[in-house]
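Worksheet: the structure to be examined is printed underneath.
What follows draws every value from the coordinates through simple rules; no lab data is involved. Only a predicted model underlies this, so the values are computations on that prediction, with no experimental measurement involved. Cβ: placed from backbone, ideal geometry, glycine included. Neighbour counts: every protein chain shown.
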Amino acid sequence: MKIGITAAALGLAVSGVASAAFTGYTLTCTNVTNSGVNLIRIELFANFNGPTDTVLNVFNFQAQGGWGAHLDAASGFWHKDNSDYNGGVLSQEYGTWAPQLTGSATLNRPFDSYLLIGGSASATNTTNADPSWGLAGAGGWNQAQIPTTDLTNANSLGWFNSSPPNFQGRVGVGANTATQVKLAQFVLSQGDTAFRTYTIRTAYNNGQGGGVVFADTSFTCPTPGAIALLGLAGLAGRRRR
């Protein structure tokens, strides 16, 4: 079963030359099964209504209230990537968040947790981890769960397009739709009971020299019964220069 919910952005007034038109976020949730495990695949998209709106980076990714208050939100993710850390096996112990290592588009990618700035989750994706991942704990980007050894740095985790001239984060380019840019895919157990409300900050512009605009957002990943109650999941956004 696949269900999507959308949240409209709050505070739509933007001054200056920037004309990027961020309109909110969408979570799409799909029940899947792999290797005998019942999973839920959660995809996070940023929505726009301008023809050249472009996501540059995402940062300040953390559990709402900080990882220190909700360490359970930093674990429980499933990976099935083709990295040396995992080898294509569905696992909560080994994996990476790098989109370049998701492996097969049919055998691995639908069951893998990863982060990206638009485009396809494949070897040519130019999304990289912010240095805060390495500072937050051993393994950084290349581990199955969120590093929280250093909570100061863990509370500012981010990822970015390392080659912005390729417009990988622009709507309508490559795998992006005319209105959406994918930012993340999280795979959890269908019976996951952890606290799952996260906050992120997304930086974007109009793709034509306009100023950078930021969206501060919270989103809730489903927990038990959430497929039935998905319409109640909280999403909120506000935008400022």
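The figures follow:
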| item | result |
| --- | --- |
| Formal net charge of residues neighbouring GLN62 (Cβ-Cβ distance under 14 Å; K, R +1; D, E -1) | -2 |
| Under the Karplus curve 6.51 cos²θ - 1.76 cosθ + 1.60, θ = phi - 60°, whole-Hz ³J(HN,Hα) for the stretch 69-76, x wherever Gly or Pro sits | 8, 9, 4, 5, 6, 8, 9, x |
| Least to most buried among ASP84, ASP72, ASP112 (fewest other Cβ within 10 Å first) | ASP84, ASP72, ASP112 |
| Paramagnetic label zone (point 7 Å from Cα along Cα-to-C-beta, SER75; backbone N under 20 Å) in the stretch 131-152 | 133-152 |
| Neighbour-count order for THR30, THR202, THR102, THR124, fewest beta carbons within 10 angstrom listed first | THR124, THR30, THR202, THR102 |
| Net charge over other residues, Cβ less than 15 angstrom from the Cβ of ALA121 (K, R count +1; D, E count -1) | +1 |
